[in-house]
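Presented below is the structure to which this report refers.
The values are calculated or read from the model by the stated rules, or taken from the named source; none is laboratory data. Keep in mind it's a predicted model, so treat the numbers as computed, not measured. Heads up, the Cβs are rebuilt from the backbone with ideal geometry, glycines too, and the neighbour counts pull from every protein chain shown. Ligands, DNA and RNA are excluded from the accessible area calculation, which covers all protein heavy atoms including side chains. Shrake-Rupley method; radii C 1.70, N 1.55, O 1.52, S 1.80 Å.
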Amino acid sequence: MADHEHDEDDYRGPATLLADERELAVEVVLRGHFQPIDGRFHWYGRLAAHQDVDEFANRRKADVVLRTPAGEAAGTLSDPDPWGRYRITGTGRPPFQIPTELG
């Protein structure tokens, strides 16, 4: 177990980005946490640099659906970092498995 609850990725691997009737195969690193202030699960991460994602998003915010082998969830792409990796954020059930019992 990690020394800090946010030290490890919750999901790292392949995913499909669904947007504007397009499906793009991407690699992602995702994590998340429960936010007691609003009572919701917040998940977030980065998509690996990908020319098709850059062409679709065009360096602007975009609403998308992210699908992994464990599920799918609506999220929002935001500006890319200097390495061309777009940030993705969402709330509610994430597109990856999370523990459902306290350890």
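Considering only residues that are of a type in the set (A, V, I, L, M), in contact with a Gly (Cβ under 7 Å, 6 or more places away or on another chain), part of a strand (DSSP E or B) and free of Cβ contacts under 8 Å to residues at least 40 places away in the same chain, which ones fall in the range 16-60? Within the range 16-60, just 29 meets the criteria. So, in the range 39-60, how many residues would count as being open to solvent by 60 Å² or more (accessible area, probe 1.4 Å) and either polar (S, T, N, Q) or over 17 Å from residue 83 (Cα atoms) (or both)? Here the count works out to 3. For the range 87-99, the condition of being farther than 15 Å from residue 10 by Cβ and at pLDDT 95 or above holds for at least one residue. Only residues that are surrounded by 12 or more Cβ atoms within 10 Å (Cβ to Cβ) and in a strand (DSSP E or B): list them for the range 61-75, please. Once the filter is applied, which keeps residues that are surrounded by 12 or more Cβ atoms within 10 Å (Cβ to Cβ) and in a strand (DSSP E or B), the range 61-75 yields 62, 64, 65, 66, 67, 68, 71, 72, 73, 74, 75.
Note on the range 79-99: residues that are assigned to a strand (DSSP E or B) and open to solvent by less than 30 Å² (accessible area, probe 1.4 Å) amount to 4.
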